[in-house]
Amino acid sequence: MTAALVVAYLLTGSRAEGGVAFRAGGADAERILAGEVWRSVTALTLHADLSHLVANATAGAFLATAVCRMLGGGLGALLIVTAGAAGNLLNSVLNGPPHVSVGASTAVLGAVGLLSGLAFARTRKTKRGRRRAWLPLGAGLALLGMLGADPHTDLGAHLCGFMMGIGLGAVCGWTMPAVPGQGLQRVLGAVALAAVLVSWWLALRA
């Protein structure tokens, strides 16, 4: 995840440079609500400046690794991208125009939600885990407060990504009897990569 974000930053530059990537790929609520839903994915790869990139890449490295250890690399990557994109989409719906958001933090907080939702569901399934099942959600909220409550950031996007991650993680915890094997993990990882690449193709084409 870290390497992908760094490469994306080298290609797109910062927001201050006013590059075409930010005009085409930012999570512009007006454009998303008009049908350009791919912006909810492309915005995850854009960062306002170097400090924005470093913060997301550092936190994302640890959290993405934790998710992928629990669910496998391919499934973990796909769910992180999905949580981030769904969070951006929901944030656009809730805020409406002229709101614009960029950054991987929605996906980073989505990873926090995934870990919390997965732990909640798995603990809840055990005989003695009904009360303790709420602890992972509390821990996730604490991390949300630590990582996503900076008033200079998009708090709504962080919360939306976190909530989407909880939902996806809980569904996996309840319904997935075992982690998918290597073959399927490769397919799911390819789907995650394709979702980003196709979204950028659509953004630049539009």
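The values are calculated or read from the model by the stated rules, or taken from the named source; none is laboratory data. It should be emphasised that the depicted structure is a prediction, and the values quoted were computed from it without experimental measurement. No Cβ is skipped: glycine too gets one built from the backbone with ideal geometry, and neighbour counts run over all protein chains shown.
Things to note:
- Residues located in the stretch 138-167, provided they are surrounded by fewer than 17 Cβ atoms within 10 Å (Cβ to Cβ) and either under 18 Å from the mean Cα position of the chain (by Cα) or part of a helix (DSSP H, G or I) (or both): GLY138, ALA139, LEU141, ALA142, GLY145, MET146, ALA149, ASP150, LEU155, GLY167
- Qualifying residue in the stretch 116-123 (condition: assigned to a helix (DSSP H, G or I), touching a residue at least 40 places away in the same chain (Cβ under 8 Å) and among the hydroxyl-bearing types (Ser, Thr, Tyr)): yes
- Pairs are defined by a Cβ separation below 9 Å, a sequence spacing of at least 6 or placement on different chains, a first member in the stretch 66-86 that is at pLDDT 95 or above, and a second member that is in a helix (DSSP H, G or I) and charged (D, E, K, R); the pairs so defined are GLY73/ARG186; GLY74/ARG186; GLY76/ARG69.
- Matching entry among ARG31, ARG122 (being surrounded by fewer than 23 Cβ atoms within 10 Å (Cβ to Cβ) and within 30 Å of VAL179 (Cα to Cα)): ARG122
- Listed by position, the helices (runs of 4 or more DSSP H) inside the stretch 1-80 whose residues that are over 22 Å from ALA192 (Cα atoms) and not polar (S, T, N, Q) number at least 1 are 20-25, 29-33, 50-71.
- Failed condition for VAL108, given (1) at pLDDT 95 or above; (2) over 12 Å from the mean Cα position of the chain (by Cα); (3) surrounded by 20 or more Cβ atoms within 10 Å (Cβ to Cβ); (4) on the phi < 0 side of the Ramachandran plot: (2)
- Unique match (being out of contact with any helix residue (DSSP H, G or I) (no Cβ under 9 Å at 6 or more places or on another chain) and hydrophobic (A, V, I, L, M, F, W, C)) among ALA34, ALA29, ALA48: ALA34
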